[in-house]
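The values are calculated or read from the model by the stated rules, or taken from the named source; none is laboratory data. Keep in mind it's a predicted model, so treat the numbers as computed, not measured. Every residue, glycine among them, receives a Cβ derived from its backbone with ideal geometry; neighbour counts consider all protein chains shown. What goes into the accessible areas is simple: the full protein's heavy atoms, side chains included, and nothing from ligands, DNA or RNA. Shrake-Rupley method; radii C 1.70, N 1.55, O 1.52, S 1.80 Å.
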Amino acid sequence: MEGVTHPAFRALIARRPGVGVVCTEFVRIASTGLGERHLREQVVRAPGAALSVQVMGNHLEHMAEATAIVAAAGADIVDLNVGCPAPRVVRKGVGSAMLKDPELLRRVVSCMRERTSGCLSAKIRAGFDDSAGAVSIARVIEAAGADFIIVHPRRRADFYQGVADWRIIRAIKQAVRIPVIGNGDVWYAADALRMRRETGCDGVMIGRGALRNPWIFSQIEALLGGSEAPRPSGDDVLAHYDELEQMLRAMQIKTPLGMLKEQVRYLARVVPDGADLMRSALRAMTPDEMRSVLAARFSGAAADGLDLAAQGGPLERSGSVATDDNSPRRPALHAAGDGACA
């Protein structure tokens, strides 16, 4: 979510029903020192939702101090990034690289725990090159004092290829006592309910699915309440783009075009010709020019012509606990036999 979950987007998403917590993009804690002012600036709350501030690093003293700073500044949750797969991150031994060093991970979480009495969490992937250690990593984080754990069930090696293997979430849920939040390939509102049903997880985190469908949380709330879920039209998509642009300008973002393009990459996925639409939109040189490209496709478009139905649709492959042995990109699960805590 780097470059995406900025304060404007968090505030816009939090306006809609169904959102419990919004999360910042990761804040890099360098081994060379802390930028206390920069850290405090990340704690920008969105009315109506709790705030999780995600930090990433492996320097014990600096990670502990960063935890104390953002907690004191008002973060409801301090979250440790143990999942970022980006090569530039991994080369520095942070993000998903920490999955290869459970002892360092334990020490970092323990140091962070010592500096806050508030909620502390960690977001992990299933593993680095394989998922054999997924359950043991979760147990390390639990033993170090985290209040809950968020699981994205892909390996670092997968980046975002294949389909999220929700069996890994289920295995971790069965193995630890702290709450487990599931994440990964929740593209439609019904997927969130199915993830909880199939894995037993305590909650659901949605990232890319919320960029693609900013109404997904409202749809989930409607499904949970037994009411009809909203189904956005093309004009609703354009209104969302307009709101986001206005909020970015109100926050005096100097270069909103790049942030808007990150949003459009996902909005374009709701139509069958999304690849062509995205290429045209990303060539735009101004927000107004990009808006014109979107308007040509979405203005007046009926809701049933967009892949935004709560129950699912044809354009995305959602996660599952079902095995798919014919998919070479699907992460192998070796952790399910590790057993469960009583």
Practice item. Would you rank GLU316, GLU2 by solvent-accessible area, highest first, keeping every protein chain in place and using a 1.4 Å probe? Key: GLU2, GLU316
Revision key, fill the gap. In debye to the nearest 20, the charge dipole size for segment 78-143, taken about the Cα centre with +1 at each Lys and Arg Cβ and -1 at each Asp and Glu Cβ, equals 220
Check your understanding: How large is the charge dipole for segment 43-93, taken about the Cα centre, if only the Cβ atoms of Lys, Arg (+1) and Asp, Glu (-1) carry charge, to the nearest 20 debye?
Key -> 280
Check your understanding: What number comes out for the charge environment of LEU238, summing +1 per Lys or Arg and -1 per Asp or Glu over other residues with Cβ under 13 Å away?
Key -> -4
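Test of the criteria: in segment 166-254, which GluC sites (Glu not before Pro) are in a DSSP loop and have at most 13 other Cβ atoms within 10 angstrom of their Cβ? Mind dumping the intermediate values first?
Numbers: sites: GLU198, GLU221, GLU228, GLU243, GLU245; in loops: GLU228.
Filter output for segment 166-254: GLU228.
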Point to revise | Estimated D of segment 1-139 in µm² per second, where Rh is the Kirkwood radius over Cα pairs and Stokes-Einstein applies at 4 °C, 1.567 mPa s | key: 85
Point to revise | Percent RCO, i.e. relative contact order, over segment 58-140, from Cα pairs under 8 Å lying at least 6 residues apart | key: 37
Study note, to complete from the structure: Hydrodynamic calc, segment 174-258: Kirkwood Rh from Cα pairs, then Stokes-Einstein at 10 °C with viscosity 1.306 mPa s, so D in µm² s⁻¹ is 107
Review point. Any idea of SER320's accessible area? Nearest 10 Å², probe 1.4 Å.
Key: 30
Check your understanding: Which value, in Å² rounded to 10, gives the accessible area of LYS173 with a 1.4 Å probe and all protein chains present?
Key -> 50
Review point. So which lysines pass the test for LYS173, namely a Cα distance under 23 Å, with those fewer than 8 places away in the same chain ruled out?
Key: LYS100, LYS123
Check your understanding: Per the Kirkwood formula on distinct C-alpha pairs, the Rh of segment 86-158 is how many angstrom?
Key -> 12.4
Exercise for review: Kindly give Rg over Rh for the chain, based on alpha-carbon atoms, with the Kirkwood expression for the hydrodynamic radius.
Suggested key: 0.96
Practice item. Could you work out the local net charge near GLY57, counting Lys and Arg as +1, Asp and Glu as -1, over the other residues with Cβ closer than 11 Å to its Cβ? Key: 0
Review point. Given the C-alpha centroids of segment 191-208 and segment 83-128, what is the distance between them in whole angstrom?
Key: 22
Check your understanding: How large, in Å, is segment 213-313 by the Kirkwood hydrodynamic radius built from its alpha-carbon pairs?
Key -> 14.2
Study note, to complete from the structure: The aspartates and glutamates whose Cα lies under 19 Å from the Cα of LYS261, excluding any fewer than 8 residues away in the same chain, are GLU2, GLU25, ASP235, ASP236, ASP242, GLU243, GLU245, ASP273, ASP276, ASP288, GLU289
Check your understanding: Looking at the chain, do any whole DSSP H helices span at least 30 angstrom along their long axis by alpha carbon and average -0.5 or above on Kyte-Doolittle, and which?
Key -> none
Review point. So for segment 260-299, Kirkwood radius off the Cα pairs, Stokes-Einstein at 25 °C and 0.890 mPa s: how many µm² s⁻¹?
Key: 252
Practice item. Can you check what the net charge comes to around LEU120, using other residues whose Cβ is under 13 Å from the Cβ of LEU120 (Lys, Arg +1; Asp, Glu -1)? Key: -2
Check your understanding: At a probe radius of 1.4 Å, what is the per-residue accessible area of MET195, in Å² to the nearest 10?
Key -> 0
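Ordering THR286, THR199 by how much accessible area each has at a 1.4 Å probe, largest first, what is the list?
Result of the area sort, largest leading: THR286, THR199.
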Study note, to complete from the structure: Computed over the Cα atoms of segment 104-204, the Rg and Dmax in Å are 13.4, 39
Review point. Hey, any idea what % of the chain's accessible area is carbon plus sulfur with a 1.4 Å probe?
Key: 49
Study note, to complete from the structure: When every protein chain stays in place and a 1.4 Å probe is rolled, PHE9, PHE159, PHE148 sorted by accessible area with the largest first are PHE159, PHE148, PHE9
